[in-house]
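Undergrad: Let me begin by handing over the structure; questions about it come next.
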Amino acid sequence: MINVKLIEHIFKAASISRWNDYPRMLNLVELDKQAHKFIIAYFIAKMEKDVNMRFIIEGGIFEFLSRVNITDLRPDVYHQIMIQKKEQINQLVLTKMQEMALENIEDGAFLKRFENYLHEKDKQDFSKERLILKAASYFSTRWEFNIIYQTSSFLNDIDEIKAKVEEELEDYYELIGARKIALNQKIAKIIDLSGRLRFQKRWAQTPRIPETTVLGHMLVVAMLGYFYSLKVKACDKRLENNFYCALFHDLPESLTRDIISPVKYGVEGLDEIISEYEMKLINDRILPFIPHDLKKEFSYILGIRDNKKNEFENRTFKDNIAAVCSGELSDFNSDEYGAIDGKALKCCDRLAALIEAGLSISYGIKSKELLSGFESSYKHFETNKTLNAVNFFELCKNLREYFDIK
């Protein structure tokens, strides 16, 4: 599905600080920026016509993996270098990515698409999709800059930077979603709400390296869901739905905050009360700001059915009607069914937690909570080794060996 070196590469983004030459009220990292970018790209793309959502997902992943290789360059320096030395930089990126055995993913087809994306050798015209990704990157950076601006008013060049940031906005006015975000219309509230998830730390009750936020975690689970989808040869719509279900699976935590499992399930009936209140908040503070034409599909992505939320159940969405799938999803592997591998995404969510704990333990930060969390997830996969012929436990064993966790 995915190898350990590629997982480690993804998590490097959690240690890459952004705006580190400006005073910041919190550490802004690349992983969170990229997660916010994917969320913004989703909404902008859904407001346009005839957008290839698979290209949006894969293009975003290719850009993310590339950016992690060019770690400490300021955005303006990075963009200038890309103008002058694009081919050399792209070749450097591909050389580094080949060290992660990408040719073993999808029998080399993934790596080929990666190369075509960087060299812009797409068989179709994806100029609109590339513009959407660029706009999403801009808006996520702009959101960060609003934080930086609050603490940098005393710097003599900050207003010059602000002018440049605002000036770039005009480049994306042809996109309906970009105009709506710029005018602070309804969808801007969802963009802001999702951005706030970078303020919430995962494993908040224990020290951990690298720290990850709920926002960054959502992207990690989405990427694991993407590689799972490749492994099971999911159709385009199923791959799209798996990615975005994972990307938005913790969005309601922007309203409720992260409630750890021992608290949620430690008191009888508390989880039901929390779930009911969560649905009330979703109905009051998320769904009213989703574009009307997207509301049914987005509710399905969130896992809402009969006014209850369960993002980790296998389901289909045909003719705008959501239904639980009790059989094999391979029987619904066609775009018309819009299937979601909820059970597999739950495995990806648990796998992400195991990786978060394992990475920190490998760095020498090994609290009881982290050790317990790692062992609990490891034993779960030891008992439930495979799902749909995807061997999650084999990856767990490789991670344990690579992290040297006894």
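The values are calculated or read from the model by the stated rules, or taken from the named source; none is laboratory data. Please read all numbers here as calculations on a predicted model, not as lab measurements. Positions of Cβ are backbone-derived with ideal geometry, glycine not excepted, and every protein chain shown enters the neighbour counts. Heads up: the accessible areas ignore ligands, DNA and RNA and are worked out on the full protein's heavy atoms, side chains in. Shrake-Rupley method; radii C 1.70, N 1.55, O 1.52, S 1.80 Å.
Undergrad: Restricting attention to segment 134-155, report how many residues are in a loop (DSSP other than H, G, I, E, B) and surrounded by fewer than 18 Cβ atoms within 10 Å (Cβ to Cβ).
TA: Result for segment 134-155: 3.
Undergrad: Only one of (1) at pLDDT below 95; (2) farther than 27 Å from Leu287 by Cα is not met by Arg130, so which one is it?
TA: So Arg130 meets the others, but not (1).
Undergrad: List the residue pairs whose Cβ atoms are under 7 Å apart, where the first residue sits in segment 291-309 and is on the phi < 0 side of the Ramachandran plot, the second is surrounded by fewer than 17 Cβ atoms within 10 Å (Cβ to Cβ) and in a loop (DSSP other than H, G, I, E, B), and the two are 6 or more positions apart or on different chains.
TA: Partner pairs satisfying both residue conditions: Lys296/Asn320.
Undergrad: Only one residue in Leu354, Leu359, Leu345 is touching a residue at least 12 places away in the same chain (Cβ under 8 Å), in contact with a Cys (Cβ under 7 Å, 6 or more places away or on another chain), over 19 Å from Phe243 (Cα atoms) and surrounded by 20 or more Cβ atoms within 10 Å (Cβ to Cβ). Which one?
TA: None of the others qualify; the one that does is Leu354.
Undergrad: Turning to a different aspect of this structure: So, restricting to helices (runs of 4 or more DSSP H) that lie completely within segment 1-87, which ones have at least 1 residues that are in contact with a Phe, Trp or Tyr (Cβ under 6 Å, 6 or more places away or on another chain) and closer than 22 Å to Ile181 by Cβ?
TA: Answer list for segment 1-87: 30-46, 53-69.
Undergrad: Under the condition of being of a type in the set (Lys, Arg) and either part of a loop (DSSP other than H, G, I, E, B) or within 18 Å of Ser372 (Cα to Cα) (or both), which residue from segment 194-210 is most open to solvent (accessible area, probe 1.4 Å)?
TA: Arg202
Undergrad: Only one of (1) touching an Asp or Glu at 6+ places or on another chain (Cβ under 7 Å); (2) within 24 Å of Asn184 (Cα to Cα); (3) open to solvent by 20 Å² or more (accessible area, probe 1.4 Å); (4) of a type outside the set (Lys, Arg) is not met by Leu28, so which one is it?
TA: (3)
Undergrad: Next question. Quick one: how many residues across segment 383-406 are loosely packed, with under 13 Cβ neighbours inside 10 Å and part of a helix (DSSP H, G or I)?
TA: Residues in segment 383-406 being loosely packed, with under 13 Cβ neighbours inside 10 Å and part of a helix (DSSP H, G or I): 2 in total.
Undergrad: Within segment 221-237, which residues are closer than 21 Å to Lys296 by Cα and open to solvent by less than 10 Å² (accessible area, probe 1.4 Å)?
TA: Residue satisfying the conditions is Ala222 alone.
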